[in-house]
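As structure tokens, the structure follows; a few thoughts come after it.
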Amino acid sequence: MARPYEELYELCDCLRSVSVGLDSYEPESQHSPIIDSSGEEMGEVKTQTREVLPGLRFLREEVKRDLQVLQKFLDDPESTSLPPLSTNAPYLVAVWQELLQAHGAVAIYRTFHTTAHPQASRKPQNGSAKGHGVKVDVVADSGRRWIRVNTIKNSRILMEFREMDSYLTSSDEDDGDGYSSRKKQNLIPQEFDNSVLRMGRELLEAARANPPHGSDEIPSVTMRLTRLNPSLSDTNYETSDSRIAYTIDCLQKMGINVQLGERQGIIKEMDNTSASAQPIVFEPTTHINLDLSALIALISDTTHSHLPRDSEDANTRFIPPQRYVEWKKQRVQMLSDSPDATSTWKDSGIHSRVLADQAQQEMKKGLLQDMHDRLRSISPTLQNIQFWTTQEARQRCLQIVYKIAGTKERQRAEALFSCSTCSQTTTIPTHNQFWVHSRYPSNFVPLMPIRLFPSSEPDATSLESFQSNLLSPFMTSLASTCRNILSQEDISRLRESHSPLGHSAAPYLINDEGDIPPAAVTLANPKLTVHTVQSMLWGAALGWTTLTTNRSSVKVLLKEVKRSTGGGALTYESPRDETARASKAAIWMVKPRSLAEGSRSDCYSE
């Protein structure tokens, strides 16, 4: 004997499966295209790049709430004498099924506004009116496809038709012409309307007003009509109505992709799909963009010198001799009364510990070894690997090297850029001088020559001369965000801070006191320097991986990208070709390496 409300029991089982799936669901779009070679958890950056999919928590809560209500109803012995429970379960199950099948999902339950409400998809400020919005159940394909689920039944839309018939009949009785079969078969589009068509028009209007970030493309609209069937009659009516088929035909003529019925078998296959999912792997591009921090790391004594035997040896390497300790204490004491004194002996100790930590990080896996291994995986001979940087990053690197680097580090800098303008000697270095004091063999990583971008920022003309990669949505969003940040800068101020290089040592130190001038910070966010954003822009605009040790700037930029995209998830373009091995990384983060040669214990002098 069949149980009462058998359909509700089936829905309860489906909701239970959906609830389990939502608890373990990990959307592909949560993975920002970042390689992290730091050898540690990404901490706050990891939280940022693996952000919860917007709307996922709300869907999870809705499913759990409906499941509890439905289960309580079915467990109640008195429920058999009660009317069937009204539940939102069919809609929730349908949304989950669409989410599972969506490629590049970036949001659930997102509200978009038309041009009359330009603050699209943004939460209203306290006390402000929300205005009329259009709900999209699943935003997929990195924002390029909108999916809306509609669970209206034949019986419900037929009620709309009957109501419309009554109005038309009442109006036509005045001239003696009732609503005849002529009008049923000869529908006039201007007079024909219903809730499904209105939903379709609103979705299209909102789509035209909300192209994906950084694109002029209008999102495609899909309507999943789970319970509307033009070929079947409804049990509440003797016949089906031809206007159901006409409604679907109207939606398709609007340009909407109409899908009928529920997806089959997805709930049962969910466990197997999750178990077989492969982790997403990111690899660098053959052209690597180096920011300032990466240039410093490549020159650093820590990167090239022989490794410490153990952690104790690493700490000893950066503990200054006693004569230096006494001198430093006296120096700090002498400056303590000066209002300009900013350093303390404690600061010096912290600096030594940081350098020792970097040396121990190098012991785990060297920076150049990691670069060598990853680049060999995409280019076994390393023949087509190229390294690029901005003129501003090169200039500032040489300023820092001239001021605080050791002799060997200066030599590496001169060789890296194949110039002698920062040298106090007249000897022009060769490429081999970069490796002469390194524990690695010559050309272990084909760094030289470091190629320079032709301008501070890429424009249409300069980009034409490069062999750029096809930009992923993440690269497009990152490039657009960087351009927006830089567009707020005062050009004259930037020109002063980026004065051209001279042909002697002195021009590298623009400051009259012989100090390194402070890096210009952006007006949009003082946590970002202009040269860092320019470096990121070049990499993103060309679709190349940017190598950096600047974790804090990456974190801030990711927040800026999120803000500029209206709070959506940070996404990458997953490979549509199933044979593809990996996706290209936009950013490659490594642990910092400071200029350490002058801080070694065997280099101190009074």
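No value in this document is a laboratory result; all are computed from the given coordinates. Remember, it's a predicted structure, so these values are computed and weren't measured experimentally. Cβ: placed from backbone, ideal geometry, glycine included. Neighbour counts: every protein chain shown.
So here's what we get for this one:
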item	result
Two-site label geometry, Arg263 and Arg309: point separation in nm, points 7 Å out along Cα→Cβ	6.1 nm
Protection proxy ranking, peptides 64-72, 197-205, average beta carbon neighbours within 10 Å, highest first	197-205, 64-72
Efficiency of FRET between Asp249 and Ser487 - r from beta-carbon atoms, R0 41 angstrom, step 0.05	0.30
Estimated vicinal HN-Hα couplings, Hz - segment 548-560 in sequence order (Karplus 6.51, -1.76, 1.60; Gly, Pro = x)	8, 10, 8, 4, 5, 5, 4, 4, 5, 5, 4, 5, 5
Across Lys153/Lys559; Lys364/Lys403; Lys562/Lys584; Lys253/Lys562; Lys72/Lys562, pairs whose alpha-carbon gap is larger than 32 Å	Lys153/Lys559; Lys253/Lys562; Lys72/Lys562
